[in-house]
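Here's the structure we're looking at; comments come further down.
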Amino acid sequence: MIAENLKQVQQRIFKAAKRVGRDPAGVKLLAVTKEQSVLTVTEGIESGMHFLGENKVQEARDKIETLGRNSLEWHFIGRLQKNKVKFIFDLFDLIHSVDNLVLAEVIHEKAKSHGSCMPVLLQVNVSGETSKLGMKPTDVPKNIEMLSQLEGIKVKGFMTIAPYDSNPQNSREHYACLRVLRDTCSKLGLPGMDLGELSMGMSNDYEVAVEEGATLVRIGTGLFGPRPSKQKDASG
Ligand SMILES: *Cc1c(COP(=O)(O)O)cnc(C)c1O
């Protein structure tokens, strides 16, 4: 079933990219494996999943210790607590969720003492929903200028979470907004800064996100079915 879901999602990404004249190879599918067992994730990997996303450091650690990092990429997509930053260097290839400057500085400091540099995306709250994390769009250009000076992090682009809406077309304005913000920041011409990545789109609206320029779509339910915590809700 997972293999079949994967094929369908890949096909839809392919078609969405073609509709707007994009190269489908420019869209990476991040399989969101949070709450899924090692067995389920293994099935996903055997079906061809390559980019895996987790939102809790401890849960990710348990899986990565078993499944390894060889030929896989693990991405962190959740709220990152400062006291967990020390673990990320041995676990993740990309952090999608840097949503404030203090966190960015903590990552930079720890990276320096670790002798490395962490690729990150800046999480932006484009919808302005108070429940959502992320930088204010108007703060992003000045923030990125500051962050470009920290050698312990490398900003590769942006991430956003659109408000859930049963009509995926309603996500379009938010994703377009993130793309425009990216283009604005690219024009700042900061040395060595390549803001190529746009992480946007989830199971309910990833095709719209691809049409608006997503390079990473984050899909859980569409690949694995409802998460265990959601299945409980459904039966009640
Ligand atoms: C859980 C999660 C997803 C995946 O959600 P689905 O609707 O199951 O595809 C994507 N992005 C983030 C940040 C998440 O926490």
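The values are calculated or read from the model by the stated rules, or taken from the named source; none is laboratory data. Note that the structure is predicted; figures quoted are calculated from it, not measured. When we count neighbours, we look across all protein chains shown, and the Cβ atoms used for this are built from the backbone with ideal geometry, even at glycine.
General observations
- Contact map, the range 188-209: residues that are away from the ligand (no atom under 16 Å from the Cβ) paired with residues that are in a loop (DSSP other than H, G, I, E, B), Cβ distance under 6 Å, separation 6+ or inter-chain. Pairs shown: LEU190/SER148; MET193/SER148.
- For the range 79-99, a residue qualifies if it is in a helix (DSSP H, G or I) and not aliphatic (A, V, I, L, M), and the qualifying residues are LYS82, ASN83, LYS84, LYS86, PHE87.
- Checking each residue in the range 213-236 for being touching a Leu at 6+ places or on another chain (Cβ under 8 Å) and away from the ligand (no atom under 15 Å from the Cβ) picks out only GLY213.
- Checked against the criterion of being touching a Leu at 6+ places or on another chain (Cβ under 7 Å) and closer than 24 Å to LEU178 by Cβ, the range 84-93 has no qualifying residue.
- Which listed residue, of ASN70, ASN5, ASN100, is free of Cβ contacts under 8 Å to residues at least 24 places away in the same chain and either of a type in the set (S, T, N, Q) or more than 20 Å from GLY222 (Cβ to Cβ) (or both): ASN70
- Residue check, VAL102 at pLDDT 95 or above, crowded, with 17+ Cβ neighbours inside 10 Å and either over 20 Å from the mean Cα position of the chain (by Cα) or outside any loop (DSSP other than H, G, I, E, B) (or both): no
- Of LEU52, LEU29, all but one fail to be assigned to a strand (DSSP E or B), touching a residue at least 60 places away in the same chain (Cβ under 8 Å), hydrophobic (A, V, I, L, M, F, W, C) and within 27 Å of LEU122 (Cα to Cα); the exception is LEU29.
- Residue, farthest from GLY220 (Cα to Cα), within the range 163-174, restricted to residues that are in contact (Cβ under 8 Å) with a residue 40 or more places away in the chain and within 16 Å of the ligand (Cβ to nearest atom): HIS174
- Residue selected from the range 62-78 under the condition over 15 Å from SER199 (Cβ atoms) and in a loop (DSSP other than H, G, I, E, B), by the criterion nearest to the chain's Cα centre (by Cα): LEU72
- For the range 131-162, the set of residues classified as within 16 Å of the ligand (Cβ to nearest atom) and either at pLDDT 95 or above or of a type in the set (Asp, Glu) (or both) consists of GLY134, MET135, GLY157, PHE158, MET159, THR160, ILE161, ALA162, listed by residue number.
- Just one residue in the set LEU6, LEU80, LEU39 is more than 27 Å from LYS136 (Cα to Cα) and buried (at least 19 other Cβ atoms within 10 Å of the Cβ); that residue is LEU6.
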